[in-house]
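S.K.: I'd like to ask you about the structure that follows.
The values are calculated or read from the model by the stated rules, or taken from the named source; none is laboratory data. Every value quoted in this text rests on a predicted model; they were computed, and no experiment measured them. All Cβ positions, glycine included, derive from the backbone under ideal geometry; neighbour counts span all protein chains shown.
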Amino acid sequence: MASFGLCRSAVGAASADAVPAASEPALTEADRREWQIFKRRFISPDGRVIDTGNDCVSHTEGQGWGMLSAVAFDDMEAFERIHGWTRRVLRRSSDALHCWRYDPAAADPVADPNNATDGDIFIAWALWRAACRWQRPADAAAARAIAADILTLLVREAGERTVLLPAAAGFESAVTVDVNPSYYCFQALAELSHAVPSPLWDKLQADGLALIAAGRFGQWQLPPDWLSVSRDGARLTPAAGWPARFSYDAIRVPLYLAWARRSLPDVHRAFADYWSQTDPRTPAWVDLHTGATASYPAPPGMVAVAKVATAAAKTSLPPGFPSIHTSPDYYSSALILLARLAWHESRGA
């Protein structure tokens, strides 16, 4: 199979340097079966990735994850379907970003013009990888346009910290900037730095790692789903307006750290302690103020992330790795699929 690495003809003469993206994972037949199950369960014929656990809406997160997975599995047909729907239905008219949500039951399915930064990051990343894998200059141009607008519209300074807004509107006040630690997909930021070279990418990565290391709370010292950063950058607290939990968003923090091989020893140890000491019935969430936990266990997708994040030097997937067959809905299934990709890439397969 081809590598994601060298893509001079796709990226064009202006960016002729090799793109040091992660090597294409050596995917197994088991991985490919999981992708086929995911496609059948969650991707419509027109390319909409359906969130079955959330009233069958779609959002840019799912579209981006679907596109990225399609590239990894060399599935150009699925990639074009998913990207085509995303571009036609969700692309904003004012810039290269995308409206974050599609609700098929609403009179206006795309009523909110705001974006979701993680969705745009994954869409741009998937396009960049598609350009590299399949030598498609149009995909490289589309990736560059989105990446440029991420830097222009979604980056703020909080004191000496450079932070990533979760969306273009709605997350800033006179005294704070709210961020989502799980939007920092470090592997994506590293690769997009070759699509649109800028020192901001390195700053976002370094300061994102510092936010994750410093912004941890509670008995287990875990990151919250949402984090508030004071305008001077000095004070970090769980953001008001959301439960102060390590939960369905923050579970992606250890996944993205493992994917990019980013070492934060204290953070890694906190995750490992939490999962080992709450096993075998790790709860779906823990309140970082009170220590209260969910009355129901973490779904299979969260279990998959925990296995990838704590597997150390193992060369094959840990025993009991969850399958999409056992997963109740889209989000848990997507985490299983992403955890498989992260596993292979983080081991340099």
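S.K.: Taking region 233-260, which residues are within 25 Å of Trp125 (Cβ to Cβ) and in contact (Cβ under 8 Å) with a residue 60 or more places away in the chain?
M.R.: Scanning region 233-260 gives Tyr248, Asp249, Ala250, Ile251, Arg252, Val253, Leu255, Tyr256, Leu257, Ala258, Trp259, Ala260.
S.K.: Cβ-Cβ below 6 Å, separation at least six or inter-chain, first residue in region 50-73 and at positive phi, second among the hydrophobic types (A, V, I, L, M, F, W, C): which pairs?
M.R.: Cys56/Ile50
S.K.: Would you kindly identify the helices (runs of 4 or more DSSP H) lying entirely within region 18-103 that contain at least 2 residues that are over 20 Å from the mean Cα position of the chain (by Cα)?
M.R.: Values: elements: 29-42, 60-72, 76-90.
Qualifying helices (runs of 4 or more DSSP H): 29-42, 76-90.
S.K.: Can you tell me which of (1) of a type in the set (Ser, Thr, Tyr); (2) in a helix (DSSP H, G or I); (3) over 19 Å from the mean Cα position of the chain (by Cα); (4) under 29 Å from Met67 (Cβ atoms) is the one Ser332 doesn't meet?
M.R.: For Ser332, the exception is condition (3).
S.K.: Within region 305-349, which residues are of a type in the set (Gly, Ala, Ser), at pLDDT below 95 and farther than 22 Å from Ser276 by Cβ?
M.R.: Gly348, Ala349 - these are the residues of region 305-349 that are of a type in the set (Gly, Ala, Ser), at pLDDT below 95 and farther than 22 Å from Ser276 by Cβ.
S.K.: Here is a list: Ser263, Ser228, Ser276. Which entry is free of Cβ contacts under 8 Å to residues at least 60 places away in the same chain, closer than 19 Å to Thr310 by Cβ, of a type in the set (Ser, Thr, Tyr) and not in a helix (DSSP H, G or I)? Reasoning before the result, please.
M.R.: Details: Ser228 fails: closer than 19 Å to Thr310 by Cβ; Ser276 fails: not in a helix (DSSP H, G or I).
Sole residue among the options that is free of Cβ contacts under 8 Å to residues at least 60 places away in the same chain, closer than 19 Å to Thr310 by Cβ, of a type in the set (Ser, Thr, Tyr) and not in a helix (DSSP H, G or I): Ser263.
S.K.: Further question: Going through region 306-321 one residue at a time, which ones are out of contact with any Leu (no Cβ under 9 Å at 6 or more places or on another chain), of a type outside the set (S, T, N, Q) and part of a loop (DSSP other than H, G, I, E, B)?
M.R.: Within region 306-321, the first condition is being out of contact with any Leu (no Cβ under 9 Å at 6 or more places or on another chain), and the residues that meet it are 306, 310, 312-321.
Applying the additional criterion that residues be of a type outside the set (S, T, N, Q) yields 306, 312-314, 317-321.
Residues satisfying the conditions are Ala312, Ala313, Lys314, Leu317, Pro318, Pro319, Gly320, Phe321.
S.K.: Given the structure, is Gly218 buried (at least 17 other Cβ atoms within 10 Å of the Cβ), in contact (Cβ under 8 Å) with a residue 60 or more places away in the chain and under 27 Å from Pro299 (Cα atoms)?
M.R.: Working: buried (at least 17 other Cβ atoms within 10 Å of the Cβ): yes; in contact (Cβ under 8 Å) with a residue 60 or more places away in the chain: yes; under 27 Å from Pro299 (Cα atoms): yes.
Yes, satisfied.
S.K.: Return the pair list, or none, for Cβ contacts closer than 9 Å from residues in region 84-107 that are within 14 Å of Asp149 (Cβ to Cβ) to residues that are of a type in the set (Ser, Thr, Tyr) and surrounded by fewer than 16 Cβ atoms within 10 Å (Cβ to Cβ), at least 6 apart or on different chains.
M.R.: From region 84-107, the pairs are Asp95/Thr152.
S.K.: Only residues that are touching a His at 6+ places or on another chain (Cβ under 8 Å), surrounded by 13 or more Cβ atoms within 10 Å (Cβ to Cβ) and either closer than 14 Å to Gln63 by Cα or not charged (D, E, K, R) (or both): list them for region 26-45, please.
M.R.: Let us first name the residues in region 26-45 that are touching a His at 6+ places or on another chain (Cβ under 8 Å), namely 26-27, 31, 37.
Narrowing the set further to residues that are surrounded by 13 or more Cβ atoms within 10 Å (Cβ to Cβ) leaves 27, 31, 37.
Residues satisfying the conditions are Leu27, Ile37.
S.K.: Being surrounded by fewer than 22 Cβ atoms within 10 Å (Cβ to Cβ), within 20 Å of Val71 (Cβ to Cβ) and aromatic (Phe, Trp, Tyr): is that true of Trp134 here?
M.R.: Details: surrounded by fewer than 22 Cβ atoms within 10 Å (Cβ to Cβ): yes; within 20 Å of Val71 (Cβ to Cβ): yes; aromatic (Phe, Trp, Tyr): yes.
Judged against the criteria, Trp134 is a match.
S.K.: What are the residues in region 156-214 that are in a strand (DSSP E or B) and either under 15 Å from the mean Cα position of the chain (by Cα) or modelled with pLDDT under 95 (or both), if any? Spell out the reasoning first.
M.R.: First, pick out the residues of region 156-214 that are in a strand (DSSP E or B): 156-158, 161-164, 172, 176-179.
Listed by number, the residues that qualify are Leu164, Val179.
Here is a yes/no grid of residues against (1) out of contact with any helix residue (DSSP H, G or I) (no Cβ under 9 Å at 6 or more places or on another chain); (2) touching a residue at least 40 places away in the same chain (Cβ under 8 Å); (3) of a type in the set (Val, Ile, Thr):
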{"site": "Asp287", "(1), (2), (3)": "yes, yes, no"}
{"site": "Ala292", "(1), (2), (3)": "yes, no, no"}
{"site": "Pro300", "(1), (2), (3)": "no, no, no"}
{"site": "Val305", "(1), (2), (3)": "no, yes, yes"}
{"site": "Ala312", "(1), (2), (3)": "yes, no, no"}
{"site": "Pro322", "(1), (2), (3)": "no, no, no"}
{"site": "Thr326", "(1), (2), (3)": "no, no, yes"}
{"site": "Tyr330", "(1), (2), (3)": "no, yes, no"}
{"site": "Ala334", "(1), (2), (3)": "no, yes, no"}
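S.K.: Within the group Asp74, Asp118, Asp55, which residue is at pLDDT 95 or above, out of contact with any Pro (no Cβ under 7 Å at 6 or more places or on another chain), surrounded by fewer than 16 Cβ atoms within 10 Å (Cβ to Cβ) and closer than 24 Å to Tyr256 by Cβ?
M.R.: Numbers: Asp118 fails: surrounded by fewer than 16 Cβ atoms within 10 Å (Cβ to Cβ); Asp55 fails: closer than 24 Å to Tyr256 by Cβ.
One residue alone meets the criteria, Asp74.
S.K.: Considering only region 137-167, state which residues are surrounded by fewer than 20 Cβ atoms within 10 Å (Cβ to Cβ), touching a helix residue (DSSP H, G or I) at 6+ places or on another chain (Cβ under 7 Å) and within 21 Å of Glu61 (Cβ to Cβ).
M.R.: Leu151, Val155
S.K.: Can you tell me which of (1) closer than 15 Å to Arg261 by Cα; (2) outside any loop (DSSP other than H, G, I, E, B) is the one Val303 doesn't meet?
M.R.: In the conditions (1) closer than 15 Å to Arg261 by Cα; (2) outside any loop (DSSP other than H, G, I, E, B), Val303 misses (1) alone.
S.K.: At pLDDT 95 or above and assigned to a loop (DSSP other than H, G, I, E, B): which single residue out of His289, His268 fits that description? Before the answer, list the steps.
M.R.: On the way: His268 fails: assigned to a loop (DSSP other than H, G, I, E, B).
The match here is His289.
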